[in-house]
1. What do you get for the angle between helix 137-146 and the principal long axis of the chain? Use alpha-carbon atoms, 0 to 90 degrees, nearest ten.
2. Would you please give the residues with an amide H less than 5 Å from that of residue 172, counting only those at least 5 places away or on a separate chain, with H modeled from the backbone geometry?
3. Suppose all protein chains stay in the model; what accessible area per residue would a 1.4 Å probe give for the chain, in Å²?
4. Place a +1 charge on the Cβ of each Lys and Arg in the stretch 37-189 and a -1 charge on the Cβ of each Asp and Glu, then give the dipole magnitude about the Cα centre in debye, rounded to the nearest 20.
5. Once you place label points 7 Å from the Cα toward the Cβ at residue 164 and residue 186, how far apart are they in nm?
6. I want the local charge near residue 160. Using Cβ-Cβ distances under 12 Å, sum +1 for each Lys or Arg and -1 for each Asp or Glu among the other residues.
7. For a quick check: with amide H placed at 1.01 Å from N, whose amide H comes under 5 Å from residue 257's, ignoring anything fewer than 5 positions away on the same chain?
8. Say the dipole of the chain comes from +1 at the beta carbon of Lys and Arg and -1 at that of Asp and Glu; which of 232, 40, 182 then lies farthest toward its positive end?
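The values are calculated or read from the model by the stated rules, or taken from the named source; none is laboratory data. Keep in mind it's a predicted model, so treat the numbers as computed, not measured. Every residue, glycine among them, receives a Cβ derived from its backbone with ideal geometry; neighbour counts consider all protein chains shown. Ligands, DNA and RNA are stripped out before the accessible areas are found, and what is left, the full protein with its side chains, is counted by its heavy atoms. Shrake-Rupley method; radii C 1.70, N 1.55, O 1.52, S 1.80 Å.
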Amino acid sequence: MRIFQVDAFTSNRFGGNPATVVLDADGQSDAFMASVAREFSHAEVAFVSAASEPDHDLRVRFFNARKEAPFVGHATLAAHAVLLALGRRGTGVVRQASGTGVIEVQATAAVATAGGADSPLIEFRQTAPELSNPLPLKTTLRVAEALRLPATSLDEMMPARIARKGSSRLLVPVGNARALEGLAPNFDTLLELGVELGTEGFFVFAVNGAKRAAAGAQGMTTESRMFCPALGINEDPASGNAHVMLASYLVEMGQIGMQQTGFLGLQGRHMQRPSQIHVRLERDRSTLVAAHIGGHAVLVSEGTLSA
């Protein structure tokens, strides 16, 4: 079996979110796949197999060092980047079966990236999550203290809220991206708060500039940091699922104008793994139906895995 190391949500090697991709994993046992994930414990592992039913084109299972995950966004990008590079899929839509069902993964024609290489944009669709009621201010302040985030850095207009879509994240808005620089989480306290609040991670974000609420504003960016000690990930350099949650939050809070089609999420800079997450909105009038999460991916290395 061929095995690849891939950096996803980036156009440059050693940026983005790393994933391992194993091809032709048909017939391999759960125990074998779990062992491979423990061996390559620095990243999630995507195991690609042939289709088993006519409603999809291929199957992908995702494992990390601790358990199997139903779906992993950056590892999906990584798997399809490998298939594209090898000519085992082309541009357009491929139907992928995973633990959350069948999703469509679209690849556009390769475009010149900032790194100078030609790289296709790979995109998958996720329906909008559920958003909880705003977190009480007293509780938000406890979270801020655990993050080493001064209370004065919290956004004055937008409350912290939990979003749920398969997994759950507490979205914590700050007033300025500079507030992200000084975060120094107490992970033991975050673990306790996560159990208390029923969330697996803490997604701290800022919306760029003074035009952030302008109706129809284009070129909007966000910057974020993600902490998930409950999942064994102290900090995540690129979080596709969390950006679906963020899209729903920003639409509901009126931070995205009706004419705006999406935004660019920046993450990972504080880990020296800068990432770019493209978010395209799918709406029914003022309601967000789904978000299409996209990005580039770079193959870093290739080898052979003995079965």
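1. Taking the Cα atoms of the chain, the angle to 137-146 is about 60 degrees.
2. HN-HN under 5 Å from residue 172: 203, 204, 205.
3. Normalised by residue count, the accessible surface of the chain is 44 Å².
4. 300 debye
5. Modelled inter-label distance: 2.8 nm.
6. Charge balance in the 12 Å sphere: +3.
7. For residue 257, the qualifying residues are 216, 217.
8. Of 232, 40, 182, it is 182.
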